[in-house]
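Some notes on the structure that comes next.
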Amino acid sequence: IALEAVAEINHCYPNLISEQHSFITWTSDLDEDLDILRKDFLYSHYFNPYKHLNMWRYDSSVRVSRLESDLREDASSGDHNGFIVYAHLGHAIHQIQDATVPAHVVPVAHWLDDGFEVYSFTGDISSGLSCRDLAHPKNLKHAPDPNTILVNTAKKTLARLAAIHLKILRNNKPEFVSGDAFWTESSNNDFGHYGVLGNHYGRSSFAENGVHYALPNASKFYAGFKQQQMKLAVRASVRALFWFLVHHRAMSTPLTISARAAN
């Protein structure tokens, strides 16, 4: 996802992000996920845009806000290309990418066996943003900051969950369910839990609590919903990279690189 976002930025603004800086962005994105001490004892990767979650760690918005502050300091010092800049960007976009994952925004406490996170999709994950979209004067002057991108992305994730209308068979009897059949939000500020279908994303037939479930259109649904999630993650990452590398640069110094006219 991070490398796709970098490639899309470089398509519109050729050579804006060097190969070395691309590597730093990617590895920093990974590091944000793999640093267990920071993840488990300081900054969680959970965030719900409509409630303050009951937990002793900070949620993603605090981490992104602090990284945004670091990036603003980088910009004010005139540093748009230092190692630390791309490290900050990589850490920030990982948190934003996690806002596209249902278990992170509902949220549901999960581990490495979460069905959605381990589900593999290898098709097209492009953002759908054209160079004209990015180069529009409105975006150059008023690009949303990372925390706004985080909030908007999390809201879109919850809206997509609510919009699911999936046919299932419960003990061979047909019915329709929405996203809360997989991830059920709490009615207060507590974490939610896996729904009636349990942690079985990716499976077409299974038993949960003594009930047999079958999903007639499982493969199409699973691949489609995962693809939407990954595309949203790329789109949010592109916007976050654009906010700093193009928007701030345009605001502080004349922009010497022009976006391609092509899509």
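The values are calculated or read from the model by the stated rules, or taken from the named source; none is laboratory data. This is a predicted model, so every value here is computed, not measured. Cβ sites come from the backbone with ideal geometry, for glycine too, and all protein chains shown count toward neighbours. Ligands, DNA and RNA are excluded from the accessible area calculation, which covers all protein heavy atoms including side chains. Shrake-Rupley method; radii C 1.70, N 1.55, O 1.52, S 1.80 Å.
A few remarks follow.
- Once exposed loop chymotrypsin sites (Phe, Trp or Tyr not before Pro) are cut out (DSSP; at most 11 other Cβ, 10 Å), longest piece of the chain: 112-263
- All alpha carbon pair distances within the stretch 43-154 were sorted into 10 Å bins beginning at 0; the resulting P(r) in whole percents reads 12, 35, 36, 15, 1.
- What you get for the chain, charging only the Cβ of Lys and Arg (+1) and of Asp and Glu (-1), is a dipole of about 980 debye around the Cα centre.
- Each residue of the stretch 93-106 is assigned a 3J(HN,Hα), and the resulting list reads 5, 5, 4, 5, 4, 5, 6, 9, 9, x, 5, 8, 10, 4 Hz, derived from the Karplus form 6.51 cos²θ - 1.76 cosθ + 1.60 (θ = phi - 60°), x at Gly and Pro.
- The modelled label-to-label distance between residue 27 and residue 81, using points 7 Å beyond Cα along the C-beta direction, is 2.0 nm.
- Protein heavy-atom accessible surface, 1.4 Å probe, per residue over the chain: 48 Å².
- In the elastic network of the chain, a GNM with C-alpha springs shorter than 10 Å, the most mobile of 149, 84, 36 is 36.
- Geometric descriptor of the chain, per residue, is 128 Å³ (volume of the convex hull of the Cα atoms).
- Pairs of Lys in the chain closer than 21 Å at Cα, counting only those 8 or more apart or on different chains: 12
- Quick note on the stretch 113-179: its Rg to Rh ratio, both from C-alpha atoms and Rh being the Kirkwood radius, is 1.14.
- When a 1.4 Å probe is rolled over the protein heavy atoms, the share of accessible surface on the chain that falls to carbon and sulfur comes to 53 percent.
- Equivalent ellipsoid semi-axes, the stretch 1-102, via Cα gyration tensor eigenvalues times 5, rooted, Å: 25, 15, 13
- Residue 173-residue 15 FRET efficiency (beta carbon distance; Förster radius 51 Å; 0.05 resolution): 0.30
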